[in-house]
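Peer 1: Here it is: the structure, laid out below.
The values are calculated or read from the model by the stated rules, or taken from the named source; none is laboratory data. Just so you know, these numbers come straight off a predicted model, no measurement behind them. Every residue, glycine among them, receives a Cβ derived from its backbone with ideal geometry; neighbour counts consider all protein chains shown. Just so you know, the surface numbers come from the protein's heavy atoms only, side chains and all, with ligands and any DNA or RNA stripped out. Shrake-Rupley method; radii C 1.70, N 1.55, O 1.52, S 1.80 Å.
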Amino acid sequence: MSSSSFSSSAAPSPTPSERERAADAAAPRSPTPPVPPLVGAFIESLSFRGCGFGRAAASAFEKEDLRARAALPRRLRAAVHAAMRARDPAAGAFALDDRDRDGDGDGNPWFDAAAHDDAPESPLVAFVNPRSGGRLGPVLKTRLQELIGEDQVFDLTVVKPSEFVEYALACLEQLADSGDHSAGFVRHHLRVMVAGGDGTVGWVLGCLGELYVQNREPVPPVAVIPLGTGNDLSRSFGWGASFSFSWKAAAKRSLYKAILGSVSYLDSWHVVVSMPEDGEEEKEELDLPHSLRHLGECTFYDDGTAKGELAETVSCFDGVFYNYFSIGMDAQVAYGFHQLRDEKPFLANGPLSNKLIYAGYTCKQGWFFTQCISDPELRGLRNIICLSIKRMDSSEWESIPVPSSVRAIVALNLHNYASGRNPWGNLKPEYLEKRGFVEAHSDDGLLEIFGLKQGWHASLVMVELISAKHIAQAAAIRIEIKGGQWRDAFMQMDGEPWKQPLSSEYSTFVDIKKVPYPSLIINGDR
């Protein structure tokens, strides 16, 4: 992305005293010994054994150490916030003048040696979703602000990650293009902490992924504080199943891991839903998660796979997922849970209560017992969908039969699903060879497609007594939902469900393909 340069007046020639100060700044200094990676955990262990002043001193030391490592210079923090408030990256231009007044060079050889002096070693910003999981977000936000600074912790109900990418990062890029070496260092080495569930993490990853599209690399890697119900993405990269009850100390440990952890690659998958345009009334009823966006009217290319009737006018929406996409009964249960949580948030006040509510909806929606008022023949997905896939290194669509008993179909990218379960299973080499499968990895360019039957079958899968119904491995997926007696289909991506209206006459299509660039995740267990 080409960035506009900032104009600034030339600095006057330095006086002799200024030259002396600059020479002192440029003179070689004994390097400050780096703080050991586990200093936070070590000091914390001492603080439990100590008492009174010892605990307070240890805590103060950790705060100072974290701020020294992660806090942006005050002028850059002010510039970033000014750019977001004005919705204009150029609004942070004053940071150049502030740098000059502080003695950080303006292309002047007397000051160039001190160009990086105000840049932190490991710049870090954090996003907090106060609505995730047990609603711990507000107190955690305050804790993170204490540790790395108020201006570097963002509430996702106030600041969207897309706005941060569009204005804040662009501001740093423009400052760097204008000769601000500290802004360039911060932009190049920035890391992002996300406190929320899998859907929140996916939302931030998707917005950061736009940097690839806009040729604005590098893309900041993401660390996780798990506040959701399932936290499967968090588990997969060593950030844990849930946030610790001793959350004050856990916040410090998480920040150190975010600063020091190694980075892994993660496949991401682009989903496009093409639905018949039947009028404004149906369109207004479609309430999408924040991870999806409306594209408006678009063109659908059949490629010869369609079995049902195609509408002349099609509207589309799209998004990106990192863990799983599913359609069917599991998404219907998740949708009911999310509706209740939004209407009565006091009921969903922790992981245990969330799981109990999930269990209640599982029974209520007929996951275990098909409701008598419903026609059992309509409960199987085989009655309404056609599944086609592209295998690795193939450009041809292949039709895949859907087992008649399957009531939920899941396309899985990670090993973890539904709070740490592995429904695909650890398959033996001979079985893999027999089915034409390969060992599953999160960066192999393949999705594992499996089915869940009645709730009894799903329960045995969830306790890992049996594997799910293996259907296929695919590099691309097309699901056609044929028009008929079903008025709605329930879908979800990474724990974010929605109710998809269906046409009685025309087909709705879901297309999934791999995003051509990787997502970057910081490892929490290294």
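Peer 1: Taking Ser405 as meeting all but one of (1) over 23 Å from Gly484 (Cα atoms); (2) open to solvent by 30 Å² or more (accessible area, probe 1.4 Å), write down the number of the exception.
Peer 2: If we test Ser405 against (1) over 23 Å from Gly484 (Cα atoms); (2) open to solvent by 30 Å² or more (accessible area, probe 1.4 Å), just (1) comes out false.
Peer 1: Name the residue, out of Leu233, Leu169, Leu190, that is open to solvent by less than 10 Å² (accessible area, probe 1.4 Å), among the hydrophobic types (A, V, I, L, M, F, W, C) and closer than 23 Å to Gly420 by Cα. If you could, list the steps in order and put the result at the bottom.
Peer 2: Numbers: Leu169 fails: closer than 23 Å to Gly420 by Cα; Leu190 fails: closer than 23 Å to Gly420 by Cα.
Among Leu233, Leu169, Leu190, only Leu233 is open to solvent by less than 10 Å² (accessible area, probe 1.4 Å), among the hydrophobic types (A, V, I, L, M, F, W, C) and closer than 23 Å to Gly420 by Cα.
Peer 1: Scan the stretch 204-224 and give yes if some residue there is on the phi > 0 side of the Ramachandran plot, surrounded by 16 or more Cβ atoms within 10 Å (Cβ to Cβ) and at pLDDT 90 or above, otherwise no.
Peer 2: Initially, the stretch 204-224 is screened for residues on the phi > 0 side of the Ramachandran plot, giving 215.
Restricting the remaining residues to those that are surrounded by 16 or more Cβ atoms within 10 Å (Cβ to Cβ) gives none.
No; the residues of the stretch 204-224 include none that is on the phi > 0 side of the Ramachandran plot, surrounded by 16 or more Cβ atoms within 10 Å (Cβ to Cβ) and at pLDDT 90 or above.
Peer 1: Would you pick out the residues in the stretch 482-518 that are in contact with a Leu (Cβ under 7 Å, 6 or more places away or on another chain), open to solvent by 10 Å² or more (accessible area, probe 1.4 Å), assigned to a strand (DSSP E or B) and touching a residue at least 24 places away in the same chain (Cβ under 8 Å)?
Peer 2: Pro501
Peer 1: Hey, among Ala241, Ala249, which residue is of a type outside the set (S, T, N, Q), in contact with a Lys or Arg (Cβ under 8 Å, 6 or more places away or on another chain) and open to solvent by 10 Å² or more (accessible area, probe 1.4 Å)?
Peer 2: Ala241
Peer 1: Kindly evaluate Arg187 against the criterion of being assigned to a helix (DSSP H, G or I), at pLDDT 90 or above, within 24 Å of Pro138 (Cα to Cα) and not hydrophobic (A, V, I, L, M, F, W, C).
Peer 2: When the stated conditions are applied, Arg187 does not pass them.
Peer 1: Turning to a different aspect of this structure: Would you be able to tell me the number of residues in the stretch 192-226 that are touching a Pro at 6+ places or on another chain (Cβ under 8 Å), of a type in the set (A, V, I, L, M), part of a helix (DSSP H, G or I) and within 27 Å of Lys248 (Cβ to Cβ)?
Peer 2: Of the residues in that region, 1 qualify.
Peer 1: Count, please, the residues in the stretch 465-481 that happen to be surrounded by fewer than 23 Cβ atoms within 10 Å (Cβ to Cβ) and either of a type in the set (Val, Ile, Thr) or more than 25 Å from the chain's Cα centre (by Cα) (or both).
Peer 2: 8
Peer 1: Tell me whether the stretch 441-450 contains one or more residues that are over 22 Å from Ser236 (Cβ atoms) and in a loop (DSSP other than H, G, I, E, B).
Peer 2: Within the stretch 441-450, none of the residues are over 22 Å from Ser236 (Cβ atoms) and in a loop (DSSP other than H, G, I, E, B).
Peer 1: When you check His181 against the structure, is it at pLDDT below 95 and within 14 Å of Pro120 (Cα to Cα), yes or no? Working first, answer last.
Peer 2: Working: at pLDDT below 95: yes; within 14 Å of Pro120 (Cα to Cα): yes.
Against the criterion (at pLDDT below 95 and within 14 Å of Pro120 (Cα to Cα)), His181 qualifies.
Peer 1: A further question on this structure: Report the residue count in the stretch 493-522 for those that are farther than 22 Å from Ala476 by Cα and modelled with pLDDT of 95 or more.
Peer 2: Counting residues in the stretch 493-522 that are farther than 22 Å from Ala476 by Cα and modelled with pLDDT of 95 or more gives 2.
Peer 1: Moving on to the next point. Quick check on the stretch 445-464. Is at least one of its residues over 30 Å from Gln339 (Cβ atoms), open to solvent by less than 60 Å² (accessible area, probe 1.4 Å) and either over 26 Å from the mean Cα position of the chain (by Cα) or among the small types (Gly, Ala, Ser) (or both)?
Peer 2: Yes.
Peer 1: Next question. I'd like to verify a number: residues in the stretch 375-429 that are among the aromatic types (Phe, Trp, Tyr) and either in contact with a helix residue (DSSP H, G or I) (Cβ under 8 Å, 6 or more places away or on another chain) or within 30 Å of Gly240 (Cβ to Cβ) (or both), how many?
Peer 2: 2
Peer 1: Quick check: anything in the stretch 477-488 basic (Lys, Arg) and closer than 29 Å to Pro226 by Cβ?
Peer 2: Filtering the stretch 477-488 for residues basic (Lys, Arg) gives 478, 482, 487.
Pick out the ones that are also closer than 29 Å to Pro226 by Cβ and you get none.
No, because not a single residue in the stretch 477-488 is basic (Lys, Arg) and closer than 29 Å to Pro226 by Cβ.
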